[in-house]
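These notes concern the structure reproduced below.
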Amino acid sequence: MERKKIIIGIKKSETVLRNLTGMDIIMEFDKLLISKLNNIINNKSYTLYQTAISKEKKWDFYFTMLSDEFLKFLALVEHYSQIDTIEAEDVLDSFLEIGNIICGNVISVLTSGHNEVKFAIPILLKSSEIKSLTVNAIKIKFEVKETDITGYLLFAFNEGDRNVY
């Protein structure tokens with residue numbers, strides 16, 4: 001059930017990004033892992049973190065890039081001429097915007113059917129701020145058709161009972 005919802009959220013994100021950037025972007029559910037978050041993130045990247053809470057449940061959501069190829073895509077979005085030498089700090093605004101689009105679409109599908117879901121403002125974490133949490137981690141393959149850019153993103157989450165979690 002979660003896998004199907006996540007795929008729907010990924011496909012919605014793909015459509016929004018295609019419309020926003022004008023680029024032919026393909027995003028696919030690659031793999032579901034249960035792992036320690038700090039063991040699988042890209043230490044050179046930032047992680048977008050957001051929480052949501054309903055009457056019944058609480059969720060923690062994380063989004064980051066697993067490969068540096070996503071930086072090239074962000075550099076294209078920001079119209080940089082040298083996309084091969086881009087650093088994460090150079091495209092931070094686009095990372096936040098596009099990360100929010102991807103997270104927002106997946107989160108909205110995952111939390112649908114729950115009463116009165118409230119969302120916290122997303123925050124940006126450095127890799128050193130990531131705790132050793134066991135999460136459901138979804139590896140997402142992305143590709144920009146007009147270019148040779150192909151890489152991997154990570155969407156991870158914890159879900160629990162609001163009163164216990």
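Structure summary
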| item | result |
| --- | --- |
| Hey, Gly99 assigned to a strand (DSSP E or B), closer than 20 Å to Asn43 by Cα and among the small types (Gly, Ala, Ser) or not | no |
| Unmet criterion (only one of (1) within 14 Å of the chain's Cα centre (by Cα); (2) over 25 Å from Ala120 (Cα atoms); (3) of a type outside the set (A, V, I, L, M); (4) not in a strand (DSSP E or B)) for Asp30 | (4) |
| Given (1) surrounded by 20 or more Cβ atoms within 10 Å (Cβ to Cβ); (2) part of a strand (DSSP E or B), number of the condition Thr51 does not satisfy | (1) |
| Qualifying residues in the stretch 102-132 (those that are in a loop (DSSP other than H, G, I, E, B) and of a type in the set (Val, Ile, Thr)) - the one farthest from the chain's Cα centre (by Cα) | Val117 |
| Residue match in the stretch 92-104 (condition: polar (S, T, N, Q), within 12 Å of Phe63 (Cβ to Cβ), modelled with pLDDT of 90 or more and crowded, with 18+ Cβ neighbours inside 10 Å) | no |
| In the stretch 54-72, the residues that are in contact with a Gly (Cβ under 9 Å, 6 or more places away or on another chain), part of a strand (DSSP E or B) and surrounded by 21 or more Cβ atoms within 10 Å (Cβ to Cβ) | Trp59, Phe63, Thr64, Met65 |
| Verdict on Lys118 being at pLDDT 90 or above and more than 24 Å from Lys36 (Cα to Cα) | yes |
| Residue, surrounded by the most Cβ atoms within 10 Å (Cβ to Cβ), within the stretch 1-45, restricted to residues that are within 20 Å of Lys72 (Cβ to Cβ) and without any contact (Cβ under 8 Å) to a residue 60 or more places away in the chain | Glu14 |
| Qualifying residue in the stretch 2-20 (condition: outside any helix (DSSP H, G or I) and more than 12 Å from the chain's Cα centre (by Cα)) | no |
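Results for (1) over 15 Å from Phe155 (Cα atoms); (2) out of contact with any Lys or Arg (no Cβ under 6 Å at 6 or more places or on another chain); (3) among the charged types (D, E, K, R), shown as yes or no for each residue.
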| residue | (1), (2), (3) |
| --- | --- |
| Ser54 | yes, yes, no |
| Asp68 | yes, yes, yes |
| Ala75 | yes, yes, no |
| Asp93 | yes, yes, yes |
| Asn100 | no, yes, no |
| Gly104 | no, yes, no |
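The values are calculated or read from the model by the stated rules, or taken from the named source; none is laboratory data. The model shown is predicted, which means the values in this text are computed figures rather than measured ones. Positions of Cβ are backbone-derived with ideal geometry, glycine not excepted, and every protein chain shown enters the neighbour counts.
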